[in-house]
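The values are calculated or read from the model by the stated rules, or taken from the named source; none is laboratory data. Keep in mind it's a predicted model, so treat the numbers as computed, not measured. Counting neighbours? That spans all protein chains shown, and the Cβs are built from the backbone with ideal geometry, glycine included.
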Amino acid sequence: MRVKCALCEVIDNIDDYSLQAKRLRNRPIHTYMCDSCHDRIKEKTEERVSTGNFKFYKSPQVEDEF
């Protein structure tokens, strides 16, 4: 399957039967990101977290009461 990176527009080939290919076919909201862009975003995020000014906004956990 031919895919294009959403950030740098590099065209890659991935296996047609891989889990990632299935997700891209069945869920149009998912986008493909190449390994170099993924690593770059990971490094930049880790740098921001290490400064202490980065806040994680997680959804509150709701406990079910029955």
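In the stretch 21-34, how many are surrounded by 10 or more Cβ atoms within 10 Å (Cβ to Cβ) and modelled with pLDDT of 90 or more?
8
If you go through the stretch 7-20 one residue at a time, how many are in a loop (DSSP other than H, G, I, E, B) and either surrounded by 12 or more Cβ atoms within 10 Å (Cβ to Cβ) or of a type in the set (Phe, Trp, Tyr) (or both)?
4
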